[in-house]
Amino acid sequence: MPLYFYKAKNLEGKEIEGQKEAIDRKDLTSFLKKQGYFLLSFEAKTASGKEQTEETKHIALLETIEGIFGVPLTEKLFFTRNLAVMLKTGVSLVRSFEILSLQAKNKQFKKILSEIARKINKGDSLSFVLSKYPKVFPALFTETVKVGEETGKLEESLETLALQMEKSHDLKSKVKSAMVYPCVVLLMAFFIGIFMFIFAVPQLEKAFTEMNITLPLTTKVILASSKILQHYWPFAILAIFGLGLAGFLLTKSGKGGKTKSWLILKMPLISKIVKQANSALMLRTLSSLISAGVPIVKALDVSTGALSNFYYKASLKEAALMVEKGEKLSTALQKYKNIYSAMVLQMIEIGEETGQTADVLLKLANFLESEVSTSTERLSVVIEPILILFIGVVVGFFAVSMMQPMFSMMQQVE
C-alpha cells in the first residue's frame with residue numbers, strides 16, 4: 001500500500017499537511033472528506049514510482065500540445081457556461097467534464113478535459129487540476145474557481161468567469177476589427193505594388209533604353225528595385241519573411257514588448273482606444289476577482305495576466321506591492337496618470353471610500369467598453385481618408401517618377 005504525503009484544506013481556509021497509507025487517491029480523498037478537508041496536492045511514494053512518472057509525462061505532453069496549437073477563447077467560454085449550468089442542475093463534476101469533453105470541438109481541449117475528469121475522479125480538487133494547464137486555464141480562471149470551491153459557490157464563480165471572458169472577447173474583437181480595414185487596404189496596395197515592379201516597370205525600362213533617355217534619380221531607384229525583385233525574388237521573400245519573424249519575436253521579448261507597448265500608446269489615432277480598452281479590461285478583471293472573494297493584492301497580481309500592454313502590467317504589479325504595504329489602490333495608481341484617465345482614478349477612490357469597489361469598477365468598465373465601441377467606429381471614419389491620401393501619394397510618386405523622363409524627352413523634341 002503506497003504512502004501518500006498530502007496537503008489539504010477545509011472550507012474555513014485552514015491548510016494541513018500529513019502522510020497516510022491508502023489504497024489509492026480515491027481512498028485518501030474519502031478519508032480527508034470525513035475529516036472535513038479536501039485534497040489540494042499529494043505525492044505518492046511507491047516501490048517503483050511508475051504512477052507518478054507516467055502522470056508527470058502525460059501532463060507535460062498535453063501542455064506541449066496545448067502550447068503549440070492553443071485552445072480558442074470561444075471554446076473555453078462555451079465550456080465555462082455549460083459547466084456552470086450542469087453543476088446547477090445537479091450533474092456531478094466528473095460527469096460534467098466527461099460530457100463536455102465529448103462536446104468539445106478542439107482535439108487538444110477534448111484531451112485536456114478528459115484528463116481533468118480522470119484526475120478529479122481520483123480525488124484532486126478542480127482548481128488544483130486546472131492549475132496544471134496554465135496556458136489553457138490562466139491564473140484568473142484557477143483563482144476564481146478556487147474561491148468558488150472554498151466558499152461552496154462554484155456555480156456562481158463559473159458564471160462570473162463566463163461573463164468576464166465574454167466581455168473580454170467582445171472588447172478585444174472590437175479593437176481588432178477596427179484594424180482589419182486598414183490592414184487589408186495596405187496589404188492589397190503592397191501586392192499591387194509588387195505586381196507593378198515585376199511586370200509593368202520592366203516594360204517601361206525597355207522603352208527608356210530604346211529612346212536613350214536620361215533618367216532622374218527617383219526613376220533609377222524604382223528601376224533598380226524592380227531588377228532586384230525580378231532576379232532575386234526568392235531572397236526578397238525570405239528577407240521580408242525574416243524581418244516579419246524577427247519583429248514578431250522581438251515584440252515577445254522583454255525590451256521589445258516594452259518598446260511595442262510604448263509605440264502603441266503614442267500613436268495619435270489609436271492611443272486613446274488602447275488606453276480605454278486596457279483600462280476597461282483591467283477594471284472588469286479586477287472587479288470579477290474581488291466579487292469572487294479574491295483578496296485585493298492577489299487580485300491585482302492575477303489581473304496582470306489578462307493584460308498585454310507592458311505599462312499596464314507594470315502598474316498593477318507595483319500597485320500590488322504598495323497595497324500590500326497598506327496604501328490605497330487609488331493612491332498606488334496616481335503615478336500612472338499617463339495611462340489611466342483622471343475619471344478612472346477618481347472612481348476607484350470613490351469605490352474605496354464607499355466600500356463598493358467591485359461594483360464601481362464594474363460600472364466603470366461598462367462605461368469604458370461603450371467608449372471603446374464609439375471610438376472604434378470613429379476610427380473607421382477617420383482612417384479611410386488618411387489611407388486614400390497615403391495611397392494617393394505613393395501612386396503619385398510612382399507615376400511622376402516613371403512619366404517624368406517621357407515629359408523631359410517631349411520637351412526636348414519641341
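The values are calculated or read from the model by the stated rules, or taken from the named source; none is laboratory data. Bear in mind the structure is a predicted one, so any value in this text is a computation, not a measurement. For neighbour counting, all protein chains shown are included, and Cβ atoms are generated from backbone atoms with ideal geometry for every residue, glycine included.
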Where residues in segment 114-167 are in contact with a Phe, Trp or Tyr (Cβ under 7 Å, 6 or more places away or on another chain) and of a type in the set (Gly, Ala, Ser), which of them is farthest from Lys33 (Cα to Cα)?
Ala117
Given (1) under 29 Å from Leu28 (Cβ atoms); (2) surrounded by fewer than 21 Cβ atoms within 10 Å (Cβ to Cβ); (3) touching a Lys or Arg at 6+ places or on another chain (Cβ under 7 Å), identify the lone condition not met by Val129.
(2)
Could you identify the single residue in Leu286, Leu223, Leu249, Leu229 that is modelled with pLDDT under 85 and surrounded by 12 or more Cβ atoms within 10 Å (Cβ to Cβ)?
Leu229
Unmet criterion (only one of (1) farther than 26 Å from Gly90 by Cα; (2) part of a helix (DSSP H, G or I)) for Val129:
(1)
Please specify each residue of segment 314-326 satisfying the condition of being within 27 Å of Lys260 (Cα to Cα) and surrounded by fewer than 20 Cβ atoms within 10 Å (Cβ to Cβ).
Ala314, Lys317, Glu318, Leu321, Met322
Residues being assigned to a loop (DSSP other than H, G, I, E, B) and modelled with pLDDT of 80 or more - total across segment 175-220:
2
Can you tell me which residues in segment 289-311 are in contact with a Lys or Arg (Cβ under 9 Å, 6 or more places away or on another chain) and under 12 Å from Ala358 (Cα atoms)?
Leu289, Ala292, Gly293, Val294
If Gly90 satisfies all but one of (1) at negative phi; (2) without any contact (Cβ under 8 Å) to a residue 60 or more places away in the chain, what's the number of the condition it fails?
(1)
Checking Leu329 against (1) within 24 Å of the chain's Cα centre (by Cα); (2) buried (at least 16 other Cβ atoms within 10 Å of the Cβ); (3) closer than 23 Å to Val147 by Cα: exactly one of these is not met. Which one?
(1)
